[in-house]
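**Student:** Dumping the structure here so I can ask a few things about it.
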Amino acid sequence: MPSLNTETSDLERVTGSQDVDHTPLKYKSIAEIYEKCNMCIIEPESFEEAAKDDSWKKAMEDEITMIEKNNTWELVDRPFDKPIIGIKWVYKTKLNLDGSVQKNKRNWRLFQLDVKSAFLNGVLNEEVYVDQPSGFVIQGSEDKVYKLKKALYGLKQAPRAWYEEINSYFIKTGFYRSPSEATLYTKMSTSGNLIVSLYVDDIIYTGSSEEMMAAFKNDMMRQYEMTDLGLLHHFLGLGVLQTDTCIFLHQKKYAKTLLDKFGLKDCKSVATPLAVNEKLSKVDGSELADETLYRQMVGSLLYLTATRPDIMFAASLLARFMHNPTKKHMGTAKRVLRYIQGTISYGIAYEKGKGAVLIGYCDSDWSGSEDDMRSTSGYAFNLGSGVFSWVSIKQSSVALSTA
């Protein structure tokens, strides 16, 4: 799926057709083969390369059609007192969590929507000009440029313009925006409740009323170009398993990737992320380790804490030594990965039917830091089933009492 991207930013968003169908004559489509084989998906690196493939040409045409349909730009004479931003095609095949080519499936319950060309819906409040895209330069108007009415990918104004647009629409249609989470919206009526979470061009929603959810989907499909992704299966690298009795969040695929990346795919597992009573300090007498590798390892572990509160303390402890890590710090980080090896299927289960009782746990290690004698505090909260909020953080001052 190609997208037009301004060349002034590294932001690369994926849009366009949700099907990748390269169908040779008399043979099965490559999309069908992808579903049955482990293959390397090769994406074009330039317009010239993509133009040789009919499927990519069709996808580019669809992207331009979407841009025109959204009234994103108008062709004007090249201004001499304004900067002109170059644009480029970005080619990306969109995949499912399991690595298969993502296709639009229709016969699922409705929980996830994808906004096609989300940034094209954000209205710009300043003048921005871009070159005509490769392969779609209008004959006889080669010297002209496009004046943007709406945002394109890569513009620094694009995310802000899109969020202002969608927020305005949600508020107008009766949603309430959470004061503590800017991308969370709720709507209440006599027939039930509707909860919507927005992350750029992904919309996740649920509610107590099938009628409200159906009306919301239909309303969004009318207002914006949408792809119905059906029941939520993955989101931002998190796997989501839904049954009649439970919703289970996990990062199994991501955890496997980490073990492979850091050479611990076949390592022996351990029962706990840290050794009992283990203490770490900035200076421990061991040699310095590879700082880049250590930062990659700890950063990956921190992302894994999205569904693994059991490694929260260990990951936050290791994060204190990003500068000049030692071999001991590296060994401790590898131990956490060995713990992941033995608990790779762990996640968070939210069971239905549990009583909505708020339960919280908190603890402190009492002057646990070897370097400054500060304590590390932690807490975890659940509402009848599955923790929903947790943290582990070193206090900013030395505690003089338990109050």
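**Student:** State which residue pairs qualify: first residue within 9 Å of Cys362 (Cβ to Cβ) and inside the stretch 372-383, second residue small (Gly, Ala, Ser) and open to solvent by less than 30 Å² (accessible area, probe 1.4 Å) in any location, beta carbons under 6 Å apart, and separation of 6 or more residues or different chains.
**Tutor:** From residues that are within 9 Å of Cys362 (Cβ to Cβ), the pairs are Ser377/Ser364; Gly378/Ser392.
**Student:** Additional query: Could you please give the count of residues in the stretch 327-364 that are touching an Asp or Glu at 6+ places or on another chain (Cβ under 9 Å) and of a type in the set (A, V, I, L, M, F, W, C)?
**Tutor:** So the count comes out to 1.
**Student:** Could I ask something else about it? Only one of Tyr379, Tyr361, Tyr350, Tyr346 is modelled with pLDDT of 95 or more and either on the phi > 0 side of the Ramachandran plot or among the aromatic types (Phe, Trp, Tyr) (or both). Can you tell me which?
**Tutor:** Just one listed residue meets the conditions, Tyr346.
**Student:** Okay, moving on. Considering only residues that are modelled with pLDDT under 80 and loosely packed, with under 12 Cβ neighbours inside 10 Å, which ones fall in the stretch 55-68?
**Tutor:** Glu68
**Student:** OK, next. Are any residues in the stretch 92-148 modelled with pLDDT under 80 and hydroxyl-bearing (Ser, Thr, Tyr), and if so, which ones?
**Tutor:** Matches in the stretch 92-148: Thr93, Ser100, Ser117.
**Student:** Related question: From the residues in the stretch 191-203 that are of a type outside the set (D, E, K, R) and open to solvent by less than 20 Å² (accessible area, probe 1.4 Å), which one is farthest from Met220 (Cα to Cα)?
**Tutor:** Applying the filter and picking the extreme gives Gly192.
**Student:** Suppose we keep only residues that are assigned to a strand (DSSP E or B) and in contact with a Phe, Trp or Tyr (Cβ under 8 Å, 6 or more places away or on another chain) within the stretch 196-206. Which one would you say is nearest to Gly174 (Cα to Cα)?
**Tutor:** Result: Val196.
**Student:** Next up: Output the residues belonging to the stretch 250-274 that are small (Gly, Ala, Ser), in contact (Cβ under 8 Å) with a residue 24 or more places away in the chain and either touching an Asp or Glu at 6+ places or on another chain (Cβ under 8 Å) or open to solvent by 40 Å² or more (accessible area, probe 1.4 Å) (or both).
**Tutor:** Correct list: Ser269, Ala271.
**Student:** Another question, if that's okay. Does any residue of the stretch 293-315 turn out to be at pLDDT 95 or above, surrounded by fewer than 19 Cβ atoms within 10 Å (Cβ to Cβ) and over 28 Å from Phe235 (Cβ atoms)?
**Tutor:** For the stretch 293-315, residues at pLDDT 95 or above, surrounded by fewer than 19 Cβ atoms within 10 Å (Cβ to Cβ) and over 28 Å from Phe235 (Cβ atoms): present.
**Student:** Just checking, which of Thr186, Thr227 is more than 25 Å from Met322 (Cβ to Cβ), part of a strand (DSSP E or B) and touching a residue at least 60 places away in the same chain (Cβ under 8 Å)?
**Tutor:** Among Thr186, Thr227, only Thr227 is more than 25 Å from Met322 (Cβ to Cβ), part of a strand (DSSP E or B) and touching a residue at least 60 places away in the same chain (Cβ under 8 Å).
Yes or no, residue by residue, for (1) touching a residue at least 40 places away in the same chain (Cβ under 8 Å); (2) out of contact with any strand residue (DSSP E or B) (no Cβ under 9 Å at 6 or more places or on another chain); (3) of a type in the set (D, E, K, R); (4) closer than 28 Å to Lys69 by Cα:
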| position | (1), (2), (3), (4) |
| --- | --- |
| Thr206 | yes, no, no, no |
| Ser209 | no, no, no, no |
| Met213 | yes, no, no, yes |
| Phe216 | no, no, no, yes |
| Arg222 | no, yes, yes, yes |
| Leu232 | yes, no, no, no |
| Leu238 | yes, no, no, no |
| Thr243 | no, yes, no, no |
| Phe248 | yes, no, no, no |
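**Student:** Suppose we filter Ser286, Ser281 for residues that are touching a Lys or Arg at 6+ places or on another chain (Cβ under 8 Å), surrounded by 13 or more Cβ atoms within 10 Å (Cβ to Cβ), of a type in the set (Gly, Ala, Ser) and farther than 25 Å from Leu383 by Cβ; which single one remains?
**Tutor:** Ser286
**Student:** How many of the residues in the stretch 362-384 are open to solvent by 80 Å² or more (accessible area, probe 1.4 Å) and among the aromatic types (Phe, Trp, Tyr)?
**Tutor:** Residues that pass the stated criteria total 2.
**Student:** So which of Gly299, Gly285 ends up being without any contact (Cβ under 8 Å) to a residue 60 or more places away in the chain and on the phi > 0 side of the Ramachandran plot?
**Tutor:** Being without any contact (Cβ under 8 Å) to a residue 60 or more places away in the chain and on the phi > 0 side of the Ramachandran plot holds for just one of Gly299, Gly285, which is Gly285.
**Student:** Next question, about the same structure. Between Ala255, Ala271, which is under 30 Å from Lys352 (Cα atoms), out of contact with any strand residue (DSSP E or B) (no Cβ under 7 Å at 6 or more places or on another chain), at pLDDT 90 or above and not in a loop (DSSP other than H, G, I, E, B)?
**Tutor:** Step by step, each of Ala255, Ala271 is checked, and only Ala255 is under 30 Å from Lys352 (Cα atoms), out of contact with any strand residue (DSSP E or B) (no Cβ under 7 Å at 6 or more places or on another chain), at pLDDT 90 or above and not in a loop (DSSP other than H, G, I, E, B).
**Student:** If His323 satisfies all but one of (1) loosely packed, with under 15 Cβ neighbours inside 10 Å; (2) in a strand (DSSP E or B), what's the number of the condition it fails?
**Tutor:** Of (1) loosely packed, with under 15 Cβ neighbours inside 10 Å; (2) in a strand (DSSP E or B), only one is false for His323: (2).
**Student:** Suppose we keep only residues that are buried (at least 18 other Cβ atoms within 10 Å of the Cβ) and aliphatic (A, V, I, L, M) within the stretch 157-190. Which one would you say is modelled with the highest pLDDT?
**Tutor:** In this case the residue turns out to be Ile166.
**Student:** Determine which single condition Asn193 fails, assuming it passes every other condition in (1) outside any loop (DSSP other than H, G, I, E, B); (2) at pLDDT 90 or above.
**Tutor:** Single failed check for Asn193: (2).
**Student:** A further question follows. Residue by residue through the stretch 330-366, note down the ones that are over 19 Å from Ala271 (Cα atoms) and among the polar types (S, T, N, Q).
**Tutor:** Of everything in the stretch 330-366, just one residue is over 19 Å from Ala271 (Cα atoms) and among the polar types (S, T, N, Q), namely Ser364.
**Student:** Further question on the same structure: Only one of Ile348, Ile340, Ile359, Ile344 is of a type in the set (A, V, I, L, M, F, W, C), within 25 Å of Thr245 (Cβ to Cβ), out of contact with any Pro (no Cβ under 7 Å at 6 or more places or on another chain) and open to solvent by less than 20 Å² (accessible area, probe 1.4 Å). Can you tell me which?
**Tutor:** Ile348
The values are calculated or read from the model by the stated rules, or taken from the named source; none is laboratory data. Being a predicted model, the structure only gives us computed values, none of them experimental. A quick note on method: Cβ atoms are made from the backbone with ideal geometry, for glycine too, and the neighbour counts reach across all protein chains shown. The accessibility values were calculated without ligands, DNA or RNA, using every heavy atom of the protein model including side chains. Shrake-Rupley method; radii C 1.70, N 1.55, O 1.52, S 1.80 Å.
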